[in-house]
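These notes are about the structure you will find just below.
Any read-out appearing in this document is the output of simple, stated calculations on the displayed coordinates, not a laboratory observation. The shown structure was predicted, so the numbers you read here are calculated from the model rather than taken from an experiment. Every residue, glycine among them, receives a Cβ derived from its backbone with ideal geometry; neighbour counts consider all protein chains shown.
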Amino acid sequence: MGLINQLGLCVLLFVFTITAYGKDSVWDNSKVDYFGPSNITVYRDPSCGCCEEWIKHLEKSNFTVKEVKTNNVQAIKQEQSIPPELSSCHTAVIEGYTVEGHVPADDIKKLLIDKPDIIGLTVPRMPTGTPGMEMGNRKDPFKVLQINKDGTTQIFSEYTKY
């Protein structure tokens, strides 16, 4: 799905989520204790509503977010070595790691605790039910992928029922 189509879908789902389901989230209760650096920079398109919701999720999990709105998120993705097949609507950077898309905050905390020698984490595309992409009770299964320095990926965590 092209970036333009992703952003259109993102805006549509954001409007649907806000009007239909309110603000409660299965992602609001963190299960991972992390007390290290929490400053994260999020690069996003100015018109993307699901990115705003993901940022709120991070803030509820005690991350300090610096939001950078840009009309050229694709350049950030290239700079951070995120190939198109692993991309989503926003890109974040924390402690030298790249976090692409709607990665749950607890996975970011695990990454920062374990400090593996990798590029970062991604949730490719925009699966329904991920933080910021919630649509009531609909929750599609999804995987958080680890992006290795050689460009390969492996499963970091998997959500089938949450």
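Brief remarks on what is shown
- Annotation: peptides 30-42, 128-140, ranked by per-residue average of other Cβ atoms within 10 Å with the highest first, follow the order 128-140, 30-42.
- A Cβ-based charge dipole, computed about the Cα centre of segment 41-133 with Lys and Arg at +1 and Asp and Glu at -1, lands at about 140 debye.
- Here the contact order of the chain, divided by its residue count and restricted to Cα pairs under 8 Å and six or more residues apart, works out to 23 percent.
- Modelled label reach - Asp114, point 7 Å along Cα→Cβ, segment 130-145 residues with backbone N closer than 13 Å: 144-145
- Equivalent ellipsoid semi-axes, segment 37-120, via Cα gyration tensor eigenvalues times 5, rooted, Å: 19, 16, 10
- With a threshold of 19 Å on the Cα-Cα distance, the over-threshold entries among Lys66/Lys109; Lys77/Lys149; Lys115/Lys149; Lys56/Lys115; Lys31/Lys109 are Lys56/Lys115.
- Prolate/oblate/rounded label for segment 103-162 (Cα gyration tensor, a/c 1.5): prolate
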